[in-house]
Amino acid sequence: MAEVEFDNKKQLQRIEQYVVPGEILFAVYDLKGGGTGFVGITDKRLIFYDQAFMRKKKAMVSIPYSHLTAIASEDSGGILFASSTLHVNTAGGGHYELVFRSSEKAHRAYTWITQQVLQSEVPG
């Protein structure tokens, strides 16, 4: 099994508490900006620490890939992944802006999330 990529050991330990048996954790990345502290990417969902959840209360938020309706890499200047911002939309109209500390990590996160979403789709 591959090693989990992470930026901060304490953030990794926090996310590991929420990973259920049989779930594979790929990465835990530190985020910057608007309310979100860090994100865990597993084979089943996104788990992130949201400091602005429900009126300034802090919460761990879990979004199964089956609830994602869109993921977008912000285009800044016409170069794909020049930005470090991913936008995640969920069923029911939720929108989350994940600002990574580097475009490289944003790109890896986008790739993992997209792969998991596509694998979880039911042909039909």
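The values are calculated or read from the model by the stated rules, or taken from the named source; none is laboratory data. None of the values given here were measured: they were computed from a predicted structure. Note that we place each Cβ from the backbone using ideal geometry, even for glycine, and neighbour counts take in every protein chain shown.
Of (1) modelled with pLDDT of 95 or more; (2) more than 17 Å from A106 (Cα to Cα), G40 satisfies all except one. Which?
(2)
Of all residues in segment 58-91 being at pLDDT below 80, of a type in the set (A, V, I, L, M, F, W, C) and loosely packed, with under 15 Cβ neighbours inside 10 Å, which is farthest from E104 (Cα to Cα)?
Residue satisfying both the conditions and the ranking: I79.
Suppose we filter segment 5-31 for residues that are under 18 Å from T85 (Cα atoms) and either within 13 Å of the chain's Cα centre (by Cα) or surrounded by 18 or more Cβ atoms within 10 Å (Cβ to Cβ) (or both); how many remain?
6
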